[in-house]
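A.B. asks: Dumping the structure here so I can ask a few things about it.
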Amino acid sequence: MSKNIIVFLMGLILTGGLATTVLAGDKSIADLESNPSKYTNKTVKVKGVVRDADGVNIPILGIRGGCYKIDDGTGSLWVCSDKGVPTKGVQLKVKGVLQSGATINGKNYGLVLVEKDRKFTKK
């Protein structure tokens, strides 16, 4: 094979691998729940609708945070945040670290996503 063909094929393989990595993006909650050991302590992204929320927000004291449940249609997952909790019914894309066995104020949330970033999306 000529050098040009080899270079072209290597470029094609690398481009395909990069495209696969970029398109992988969001994980389904069902995938996270079915294989939590694969994702525990790793950063993942999920998107869905907020179905439930437990939190506190006292602006004058600078106290805020809590957990909210996000549902993507394949399952639901608690997300814990120190940025306050969003309103029920909003659609979000959340990036965070998956943790197992989270207990906050005596309530066990099981598998949770510790929020690093969130973006509100439109339905």
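A.B. asks: Do we have THR74 as touching a helix residue (DSSP H, G or I) at 6+ places or on another chain (Cβ under 6 Å), β-branched (Val, Ile, Thr) and within 21 Å of ALA30 (Cβ to Cβ) here? Can you show your working first?
C.D. replies: On the way: touching a helix residue (DSSP H, G or I) at 6+ places or on another chain (Cβ under 6 Å): yes; β-branched (Val, Ile, Thr): yes; within 21 Å of ALA30 (Cβ to Cβ): yes.
Yes; evaluated as a whole, the condition is true for this residue.
A.B. asks: Of a type in the set (Val, Ile, Thr) and touching a Cys at 6+ places or on another chain (Cβ under 8 Å): does that describe VAL79? Steps first, answer last, please.
C.D. replies: Numbers: of a type in the set (Val, Ile, Thr): yes; touching a Cys at 6+ places or on another chain (Cβ under 8 Å): yes.
Yes.
A.B. asks: In this structure, is GLY84 touching a strand residue (DSSP E or B) at 6+ places or on another chain (Cβ under 9 Å), at pLDDT below 95 and part of a loop (DSSP other than H, G, I, E, B)? Before the answer, list the steps.
C.D. replies: Working: touching a strand residue (DSSP E or B) at 6+ places or on another chain (Cβ under 9 Å): yes; at pLDDT below 95: yes; part of a loop (DSSP other than H, G, I, E, B): yes.
Spelling it out, GLY84 is indeed touching a strand residue (DSSP E or B) at 6+ places or on another chain (Cβ under 9 Å), at pLDDT below 95 and part of a loop (DSSP other than H, G, I, E, B).
A.B. asks: Additional query: Of everything in the stretch 54-81, what is surrounded by fewer than 18 Cβ atoms within 10 Å (Cβ to Cβ), over 14 Å from the mean Cα position of the chain (by Cα) and part of a strand (DSSP E or B)? Give them in sequence order.
C.D. replies: The answer is ASP54, GLY55, VAL56, ASN57, ILE58, ILE63, ARG64, GLY65.
A.B. asks: Just a yes or no: is a residue in the stretch 1-22 in contact with a helix residue (DSSP H, G or I) (Cβ under 6 Å, 6 or more places away or on another chain), modelled with pLDDT of 55 or more and either farther than 18 Å from ASP117 by Cα or surrounded by 11 or more Cβ atoms within 10 Å (Cβ to Cβ) (or both)?
C.D. replies: Step one: filter the stretch 1-22 for residues in contact with a helix residue (DSSP H, G or I) (Cβ under 6 Å, 6 or more places away or on another chain), giving none.
No; the residues of the stretch 1-22 include none that is in contact with a helix residue (DSSP H, G or I) (Cβ under 6 Å, 6 or more places away or on another chain), modelled with pLDDT of 55 or more and either farther than 18 Å from ASP117 by Cα or surrounded by 11 or more Cβ atoms within 10 Å (Cβ to Cβ) (or both).
The values are calculated or read from the model by the stated rules, or taken from the named source; none is laboratory data. Please read these numbers as outputs of a predicted model, since none were measured by experiment. Backbone-built Cβ (ideal geometry, glycine too); neighbour counts: all protein chains shown.
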